[in-house]
1. Just going by the charge dipole of the chain, with Lys and Arg at +1 and Asp and Glu at -1 on Cβ, which of Ser463, Val98, Leu88 is farthest out on the positive end?
2. With angles folded into 0 to 90 degrees, how steeply does helix 317-334 sit against the dominant principal axis of the chain? Use alpha carbons for both and round to 10.
3. What does the charge count around Glu478 come to, taking other residues whose C-beta lies under 13 Å from its C-beta (Lys +1, Arg +1, Asp -1, Glu -1)?
4. Give me the one-decimal nm value for the distance between modelled label points at Arg52 and Gln119, 7 Å along each residue's Cα-to-Cβ direction.
5. With +1 on the Cβ of every Lys and Arg and -1 on the Cβ of every Asp and Glu, and nothing else charged, how large is the dipole of segment 381-471 about its Cα centre, in debye rounded to the nearest 20?
6. For the chain, what does the equivalent ellipsoid look like in terms of its semi-axes, each the square root of 5 times an eigenvalue of the Cα gyration tensor, given largest first in whole Å?
7. If you place +1 on the Cβ of every Lys and Arg, -1 on the Cβ of every Asp and Glu, and leave all else neutral, what size is the dipole of the chain about its Cα centre, to the nearest 20 Debye?
8. Along the charge dipole of segment 11-52, pointing to its positive end and built from +1/-1 on Cβ of Lys, Arg, Asp and Glu, which listed residue (Leu29, Phe43, Leu16) has its Cα farthest out?
Amino acid sequence: MPFRRQHITAEERVALGCACVLFAGRYGLITDLARTHGVSRRFLYRLRERARAALERGLGPGRPGRPRRAAVVRRAAADRRAAERAVLVLHRVAHASVRSIRACLAEVLRVERSVGWVQGVVAEAAARARALRPVPPGPLTGLADEIYAGRRPALAVVDYASGLVVALEPAGAASETAWGCLLLDLAGRGVRLAGLTADGAHGLAAGARSGGVGEPKADHWHALRDLGRVAKRLEGQAYRALGAAEHAARAAAEAATAAARGRRRVGRPLKAPADPAGAARAADEAIARADGVGTVRGWVTEAVRPVDARTGRVRTAAEVAAELGAAAGLLRELGGHAADAAGPLERRAAGLAAYLDDLAAALAGPRAALGEATVTFLAWAWCHRRALGLADAAEAWPADPAAARTAWAALAGAVRGSGMVENLNSALAFERATRRGLPPTALALAAAYRNHQRFARGRRAGSTPLELAGVDSPDWLEALGYGPPPTPEPANSRPDRAETVTILAA
């Protein structure tokens with residue numbers, strides 16, 4: 001192992017190196033110097049070479065021509081705060097792993113950090129994100145869903161109007177106990193849920209009842225999706241039965257032609273059912289069943305809408321529940337897979353129509369002020385507002401613009417689907433794949449990041465979920481306590497623009 005000779009100072013090394021270079025070739029010089037200073041001859045030879053190389057490098061001729069101005073590199077101050085902000089941005093926006101974040105810090109900020117340090121920053125930020133716990137001032141219309149990563153669910157509750165994520169918690173199972181505890185925790189924090197809309201999950205429904213929220217309203221999208229899957233399956237069966245019937249008819253025709261000619265058919269005969277008439281009847285039945293389910297599906301899609309677009313009449317919950325029950329009876333009469341879809345539709349009928357009770361309560365004021373006929377007209381105008389070019393309810397009924405706007409707001413606020421929570425599920429899909437699951441730290445940071453991000457398009461464009469819910473919305477990193485980004489250090493000199501390199505980090 002190399003070591004430094006303590007009895008020879010730096011000044012003496014410089015003097016020895018220069019003497020060896022200046023008096024190189026003099027007989028006995030190296031021997032006398034080695035004996036005087038107590039070093040080996042080999043040490044002096046190495047010192048002479050190092051001194052010669054340093055002198056040539058420092059005193060040698062330079063590059064001819066006008067000297068070029070050195071490029072000025074301006075870097076962001078890579079202090080601890082900048083490194084922590086970079087870790088969170090890479091974790092949340094780029095969905096990078098801990099080792100990838102460590103490599104990016106080394107390449108971009110020239111900051112060397114360990115994997116444990118990066119994981120510690122993420123864990124600390126997640127703890128701060130859990131402590132935010134926004135509490136909107138008004139009641140929320142909650143949309144609930146269970147987001148699965150493998151077999152482990154995460155319970156999510158999102159506000160319908162603002163898109164605010166009020167709960168995104170991992171759970172061992174999507175049971176009544178887990179959902180009930182989550183909803184009770186929201187109530188303890190001061191989050192008021194005016195209602196809850198969800199799919200037909202039994203654990204969620206039982207947890208909502210035990211948590212004091214009441215029976216959740218059924219999401220229309222899931223019910224229509226299940227009915228559409230049945231219609232698509234029956235359509236495929238009809239096409240296959242029609243192909244089998246045509247194949248059987250062609251095989252029977254070829255066999256009849258060969259028998260009439262009195263000779264055997266050349267080649268392998270077509271394999272088909274022995275009863276072409278039976279295959280044709282099966283095809284007719286399959287086609288009739290598929291057409292029937294498609295027709296019933298169209299009726300159900302129209303029946304669950306709040307307003308009859310032709311007349312403007314606002315539907316009632318009892319009316320829609322009765323129509324859905326009749327549709328389930330028609331499906332049961334069709335038989336086959338159509339009968340299998342009748343049971344779930346009949347069980348969901350009351351939940352699918354429950355939102356109309358809230359709509360009737362919201363329209364009670366406009367009906368008292370304007371009358372039923374005027375509200376019906378306003379509902380018809382709301383259905384055709386794009387075709388009529390109406391941007392405001394006051395344009396449809398200028399006699400009482402306040403009541404007209406209230407009626408339109410009630411129609412627009414009728415919750416029929418769980419699109420906002422399904423959108424959150426889609427946003428977490430890529431992270432679920434890259435991280436092979438949804439760890440608690442990722443869920444906490446995802447909720448904080450989404451609540452502070454501004455919508456890029458749609459009717460909520462330009463606002464954050466917190467702002468729409470009536471809560472202050474700073475930058476998400478500032479909300480987590482990581483402050484504004486550091487100011488880059490100013491350049492020492494004014495460089496030429498063509499020779500300037502600017503590096504923006506984090």
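1. Selected residue: Val98.
2. So the inclination is approximately 80 degrees.
3. 0
4. Placing both labels 7 Å beyond Cα along the Cβ direction yields 5.4 nm.
5. Numbers: 12 positive and 6 negative charges, 87 e Å.
Taking the Cα centre of segment 381-471 as origin, the dipole is about 420 debye.
6. Result for the chain: semi-axes of 73, 39, 23 Å.
7. I would put it at about 3680 debye.
8. Positive-most Cα among the choices belongs to Phe43.
The values are calculated or read from the model by the stated rules, or taken from the named source; none is laboratory data. Computed from a predicted structure; not experimentally measured. Positions of Cβ are backbone-derived with ideal geometry, glycine not excepted, and every protein chain shown enters the neighbour counts. Heavy atoms of the whole protein, side chains included, go into the accessibility calculation; ligands, DNA and RNA do not. Shrake-Rupley method; radii C 1.70, N 1.55, O 1.52, S 1.80 Å.
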